[in-house]
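Written below as structure tokens is the structure these notes are about.
Read-outs: derived from the displayed coordinates by stated rules, not from any lab. A quick note: this is a predicted structure, and the numbers were derived from the prediction, not measured. Here Cβ is always computed from backbone atoms with ideal geometry, including for glycine, and neighbour counts include all displayed protein chains.
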Amino acid sequence: MRPVRLALAGLIACVALVGCADTGETAGSGYVAGDGSIVVLDQADRQPAPAISGVGLDGSEFALADQQGEVVVLNVWASWCSPCRAEAPELEEVWRETQNEGVQFIGLNTRDSDDAARAFVDNFSITYPNVIDRDGRQQLQFGSSLPPQAIPSTVVIDRQGRVAARVLGVVSAASLRAILEPLIDEPVAP
């Protein structure tokens, strides 16, 4: 089983290296943007989200399991990523609109220094929590469902704690609202 996990981790890491830049150009760190593809799963096809946990940029502890009953928008980003800068205001806008509707946004900062990540959060006035995933280990846990294979990527988790959707690359406010609306209306399982 360990060789399979190592191979999967290596494959996902290689795909993630194709992560972040504008219009196919290479950013300073050699990443390429996602293609903007959106996958939304039917309820019957959703798998449980992995046990993501970590330390926030503010030093607080985070565990995805604590968000059970909420729709969770998990955005993978890095301060050096141009598309991440482009989508940051739209993510914050939708967060502010939906936070009182049982929606929780979480940033998953990857391949970054804490100081650069904090400066990004301050610069874009990001008010939702951000978790440090310096080496990408948290992202790798999505390998059996809809892995975030680019930077930025956004994974949406339903109220039952199942992976419901993924966007590879920049997500617009309109696209995110369209994904969230039916998930907000889904009942929480007893």
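How would you rank 75-88, 41-54, highest first, on the average number of other Cβ atoms within 10 Å across their residues? Each step should come with its number before you reach the end.
Numbers: 75-88: 23.4, 41-54: 14.9.
Sorting 75-88, 41-54 by mean packing, highest first, produces 75-88, 41-54.
If packing is taken as the average count of other Cβ atoms within 10 Å, what order do 92-101, 57-66 fall into, highest mean first? Intermediate results must be reported in sequence, preceding the final value.
On the way: 92-101: 15.2, 57-66: 13.3.
Averaged packing, sorted descending, gives the order 92-101, 57-66.
Going by a ≥ b ≥ c, the root eigenvalues of the Cα gyration tensor, does segment 89-165 fall in the rounded group (a/c under 1.5), the prolate group (a/b larger than b/c) or the oblate group? It would help to have the intermediate numbers written out before the result.
Working: a/c = 2.22, a/b = 1.06, b/c = 2.10.
Cα axes put segment 89-165 in the oblate bin.
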